[in-house]
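Novice: Have a look at this one before I ask anything.
The values are calculated or read from the model by the stated rules, or taken from the named source; none is laboratory data. From a predicted model like this one, the values you see are computed outputs, not experimental measurements. All Cβ positions, even for glycine, are placed from backbone atoms using ideal geometry, and neighbour counts span all protein chains on display. These accessible areas exclude ligands, DNA and RNA; they are computed on the full protein's heavy atoms, side chains included. Shrake-Rupley method; radii C 1.70, N 1.55, O 1.52, S 1.80 Å.
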Amino acid sequence: MSDTPQDLAAALLDAARKAGADTADALAVEATAQAIDVRGGTLEQAERAEYRDLSLRVFLGQRSASISGSDIRPDAMTEMATRAVAMAREAPEDPYIGLAAPDQLATDRDATPLDLCDPSDEPAPADLEDDARRAEAAALATKGITRIDSAAAQYNAQRIALAATNGFAGSYARTSRSLYCVAIAGEGLGMERDHDGDSRVYQSDLRSAKEIGETAAARTLERLNPRKPKTGAYPVLFDERVSSSLIGHLVAAANGAQVARGQSWLREALGEQVLPEGLDLIEDPHRPRISGSRIFDAEGLPTRRRGMIDKGVLTGWTLDLANARKLGMDSTANAARGGASVSPTAWNLELTQGDQSRADLMRQMGNGLLVTSMIGATINPNTGDYSRGAAGFWVENGEAVYPVSGVTIAGNLREMLRSLIPANDARPWLSRVVPSLLVEGLTLAGE
């Protein structure tokens with residue numbers, strides 16, 4: 001037997017049929033990963049791994065079970081399928097589970113136009129190490145930087161195949177190349193750190209090591225000697241580095257699994273205004289050279305561009321087949337595989353940009369907080385109450401006057417999102433293209 005991902009997925013399906021499954025789907029992944037870490041000009045850690053992952057989901061009527069493994073020997077896959085079927089026999093019935101009907105399946109399964117795989121050779125470990133060294137050196141060359149916490153370069157390549165007993169069979173390849181640097185300034189209790197990094201499908205698109213190191217250093221130095229502003233209600237400007245987390249909370253609340261469980265503060269908001277009237281949130285899984293792109297989802301359905309938010313109005317949920325059936329809707333082809341389980345996940349997202357720069361919004365806010373990093377999160381999924389630790393810069397009369405850390409910002413997501421004012425500074429190569437966002441009247445816990 002050949003051991004390509006396509007052949008492995010097919011073999012796993014065959015084993016499931018022989019074990020007694022009524023229907024099944026299988027995913028096989030073949031991957032190569034490299035990671036190089038440099039510290040103090042010397043190699044800290046070097047890893048390279050080649051591995052295969054298998055996952056199988058079997059159905060016996062309205063009972064189902066999922067299992068995953070990595071052993072590709074025929075007898076191991078037979079045992080894997082046998083165990084999955086035995087587990088399914090003991091599982092409770094679920095009226096919403098099941099594979100897609102054949103007429104729901106993607107007919108276009110060619111991911112070539114998405115350009116998700118860099119055809120160049122896998123980088124040599126020495127090349128990755130050189131990138132990490134150059135990023136570290138660039139940061140250390142900046143006056144005031146005392147040391148580098150980490151400089152890391154990574155490479156990952158995958159071949160992925162999905163097959164199911166409903167007749168679906170599709171495969172594609174993807175690559176990623178990443179470079180990061182974390183710089184430290186100050187000593188003892190006055191120590192501060194910040195970072196910069198980049199991750200792309202193509203090595204040739206990656207920002208230079210010098211730029212990444214210098215940016216990490218500059219950001220770190222800006223954070224020295226932070227203060228805390230007075231507690232109160234202020235406008236907060238979420239820098240483009242962190243603004244996607246705010247939209248991420250909206251996307252999480254529009255996830256069909258959360259809605260079906262009744263654990264979403266948006267569960268009654270379909271068709272309602274959730275963003276300002278001029279803003280759209282578009283999901284486009286067909287953007288070339290973007291990590292979140294895919295031609296079909298984890299259940300073999302054809303992905304498509306859709307407007308999650310249209311002129312500020314919530315138009316639908318993010319759905320896989322099972323949650324769509326629970327809600328009496330159609331799948332939006334957002335099924336993703338996590339191990340052997342399947343759940344809905346949003347792909348590439350883009351929020352409407354404004355016509356003002358971040359500096360323009362700072363002048364508009366007058367006095368308030370510019371947030372550049374966040375830690376922790378307390379989000380009430382039922383009410384949307386929001387509380388997060390934050391750091392950044394205090395703004396007076398439209399200008400950043402001193403760094404801030406150790407503060408907490410709080411509000412309610414429903415109210416926050418309806419008052420958003422977007423800047424025009426989103427990075428177009430990210431999977432989530434979200435500009436800096438100004439929110440009025442959040443509570444800031446400082447001194």
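Novice: Please give every one of the lysines within straight-line cross-link reach of K143, meaning a C-alpha to C-alpha distance under 27 Å, and leave out same-chain neighbours fewer than 8 residues apart.
Specialist: Correct list for K143: K210, K228.
Novice: Taking the Cα-to-Cβ direction at R363 and at R89 and moving 7 Å from each Cα, how far apart do the two end points lie in nm?
Specialist: With each label placed 7 Å out from Cα toward Cβ, I get 7.4 nm.
Novice: I've got another one for you. Mean separation of Cα pairs under 8 Å and 6+ residues apart, divided by the residue count of the chain: what relative contact order is that in percent?
Specialist: Over the chain, the number comes to 15 percent.
Novice: Something else about it: Quick check: net charge around A49, other residues with Cβ under 13 Å of its Cβ, Lys/Arg +1 and Asp/Glu -1?
Specialist: -3
Novice: When the chain is fully extended, how far beyond the present Cα-Cα distance does R73 get from D205, taking 0.36 nm per residue of separation?
Specialist: 43.7 nm
Novice: Specify whether the C-alpha gyration tensor of the range 61-116 places it in the rounded, prolate or oblate class, a ≥ b ≥ c being the square roots of the eigenvalues: rounded for a/c under 1.5, otherwise prolate if a/b is larger than b/c and oblate if not.
Specialist: It is oblate, given that a/c is not under 1.5 and a/b is not larger than b/c.
Novice: Whole Å is fine, so just give me how far the alpha carbon centre of the range 258-273 lies from that of the range 320-354.
Specialist: 14
Novice: Give the calculated FRET efficiency between D7 and A31 to the nearest 0.05, with a Förster radius of 22 Å applied to their Cβ-Cβ distance.
Specialist: 0.85
Novice: Quick one: if you stick a label point 7 Å off each Cα along the C-beta vector at S171 and N225, how many nm between them?
Specialist: With each label point 7 Å from Cα toward Cβ, the separation is 6.1 nm.
Novice: Subtracting the Cα-Cα distance from 0.36 nm times the residue separation, let me have the gained length for E50 to Q273 in nm, one decimal.
Specialist: Once the chain is fully extended between E50 and Q273, it gains 75.5 nm.
Novice: Sticking with this structure for a sec: Measure nothing fancy, just the Cα-based angle from helix 74-90's long axis to the longest principal axis of the chain, in degrees from 0 to 90, nearest 10.
Specialist: Roughly 90 degrees between the two axes.
Novice: If one takes the longest principal axis of the Cα atoms in the chain, at what angle in degrees, from 0 to 90 and to the nearest 10, does the Cα axis of helix 125-140 lie?
Specialist: So the helix axis and the longest Cα principal axis differ by about 20 degrees.
Novice: So, taking all protein chains as they sit and a 1.4 Å probe, how much accessible area belongs to T78, in Å² rounded to tens?
Specialist: Using a 1.4 Å probe on the heavy atoms, I get roughly 70 Å².
Novice: 5 Å is the cut-off here: which amide hydrogens, built 1.01 Å from N in the peptide plane, fall below it relative to V407, excluding neighbours closer than 5 in sequence?
Specialist: A390
Novice: Quick check: the angle from helix 5-19's long axis to the longest principal axis of the chain, C-alpha only, nearest 10 degrees?
Specialist: Taking the Cα atoms of the chain, the angle to 5-19 is about 50 degrees.
Novice: Right, next: For a quick check of understanding: with a 1.4 angstrom probe and all protein chains in place, what accessible area in square angstrom does K230 have, to the nearest ten?
Specialist: 130
Novice: Given +1 on the Cβ of Lys and Arg, -1 on the Cβ of Asp and Glu, and no further charges, what dipole in debye does the chain carry about its Cα centre, rounded to the nearest 20?
Specialist: That gives a dipole near 700 debye.
Novice: Here is a further query. For the range 283-293, what does the Karplus curve 6.51 cos²θ - 1.76 cosθ + 1.60, with θ = phi - 60°, yield as ³J(HN,Hα) per residue in whole Hz, taken in order and with x for Gly and Pro?
Specialist: Residue by residue, the range 283-293 yields 9, 9, x, 10, 6, x, 6, 10, 4, x, 7 Hz.
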